[in-house]
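A short worksheet on the structure shown next.
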Amino acid sequence: MVLGSAEILGQYALTNAFRHAPVYVTGPIECTGLLWEILFGWWFFRDFPSFMVFGGAALIVAICIVIVTLEKDRAPTHALRFRR
């Protein structure tokens, strides 16, 4: 029950972050989810990912960095201020 409540609260916060801030600000938050999943999987279940998982994760992080960089370059200067 606590885990489900925490997940709902986290999803709500992330959705609001994407609504009120530019994607290049909130995008890296999504990419850090891979790191947390690897750490929690190892800590709680003693499950360490294989080489293929790290290769896929590296590809996802690289794509995330490219998208965030391109969005930051295309953003108009007035979009740098967060909407309220």
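Coordinate-derived values only; no laboratory data. This one's a predicted model, so the numbers in the text were calculated from it and none came from an experiment. Here Cβ is always computed from backbone atoms with ideal geometry, including for glycine, and neighbour counts include all displayed protein chains.
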Evaluate the relative contact order of the chain (contact order divided by residue number), counting alpha-carbon pairs under 8 angstrom at least 6 apart; express in whole percent.
45 percent
If you plug each phi of the range 54-61 into the Karplus form 6.51 cos²θ - 1.76 cosθ + 1.60 with θ = phi - 60°, what whole-Hz ³J(HN,Hα) values come out, in order, with x for Gly and Pro?
5, x, x, 5, 5, 5, 5, 5
Can you bin the chain into rounded, prolate or oblate? Criterion: square roots of the alpha carbon gyration tensor eigenvalues sorted a ≥ b ≥ c, rounded for a/c under 1.5, prolate for a/b above b/c, oblate for the rest.
oblate
Only helical DSSP H runs with n ≥ 4 go in: add -39500 (n - 2.57) per run for the chain, normalise by residue count and round the 222 nm mean residue ellipticity to 500 deg cm²/dmol.
-27500 deg cm²/dmol
Separation between the Leu70 and Met1 pseudo-spin-labels, each 7 Å from Cα along Cα→Cβ, expressed in nm?
4.6 nm
With unit charges on the beta carbons (Lys and Arg positive, Asp and Glu negative) and the dipole taken about the Cα centre of the range 2-80, which residue among Leu59, Ala17, Phe48 sits farthest to the positive side?
Ala17
Amide H to amide H under 5 Å from Ala21: which residues, 5+ apart in sequence or cross-chain, H placed 1.01 Å off N in plane?
none
Which trypsin sites (Lys or Arg not before Pro) in the range 1-73 pass both tests, a DSSP loop state and at most 11 other beta-carbon atoms within 10 Å?
Arg46
